[in-house]
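Here is the structure we will look at, set down as structure tokens.
The values are calculated or read from the model by the stated rules, or taken from the named source; none is laboratory data. Predicted, not measured: the structure shown is a model, and the values here were computed from it. All Cβ positions, even for glycine, are placed from backbone atoms using ideal geometry, and neighbour counts span all protein chains on display.
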Amino acid sequence: MTYSTTRAYISIVAPPLRSIPLHCSAGCFIGALLTDITYWRTAEMMWTNFSAWLLASGLLLGGLAALAALVDIFIGRLPLRGVGWLYVIGNIAAFLVSLFNAFIHSRDAWTSVVPTGLMLSVAATALIVINACLGWVVLRQRIGGLE
């Protein structure tokens, strides 16, 4: 008796180059929102220092992620059709909002966070959440799933 051999194939998709610095950058920007909220509630200057450092770290990692995204675009691992463009524009917008937020955080005392810095942190976090959803759609496009 002969048995037919069946083969199972699994498609393994390598993670994009930009994923680690992009996610760490997003974590820094969300952490800046949390430290801004804490400063707003406690008025302890230590929290503004934490926010400034988190923003600086997030901007550095965001710059590295942008360079890696350029490489991903160049080698074709980031599809720039439809939602892919929104994803790229959304990440650039989150980076620019956070850059402006870092300039606001360079002020002294209460005005460094309340109200402008806090609102910019909220805006950056909202953009990051939207980009996370768009990133999921881009990943599914790359794998070959449904849009």
Item to complete: Return yes or no: is Trp110 among the hydrophobic types (A, V, I, L, M, F, W, C), modelled with pLDDT of 95 or more and surrounded by fewer than 17 Cβ atoms within 10 Å (Cβ to Cβ)?
Response: no
Worksheet item: Which one is nearest to Ala32 (Cα to Cα), of the residues in region 78-124 that are of a type in the set (Phe, Trp, Tyr) and more than 16 Å from the chain's Cα centre (by Cα)?
Response: Phe103
Worksheet item: Among (1) under 18 Å from Ser106 (Cβ atoms); (2) touching a Phe, Trp or Tyr at 6+ places or on another chain (Cβ under 8 Å); (3) modelled with pLDDT of 95 or more; (4) of a type in the set (S, T, N, Q), which single condition is Thr48 missing?
Response: (3)
Response to the item:
Exactly one of Ile73, Ile92, Ile128 is assigned to a helix (DSSP H, G or I) and at pLDDT below 95, and that one is Ile73
Worksheet item: Taking region 53-76 as the search range and keeping residues that are buried (at least 20 other Cβ atoms within 10 Å of the Cβ) and of a type in the set (A, V, I, L, M, F, W, C), which one is farthest from Ser112 (Cα to Cα)?
Response: Ala69
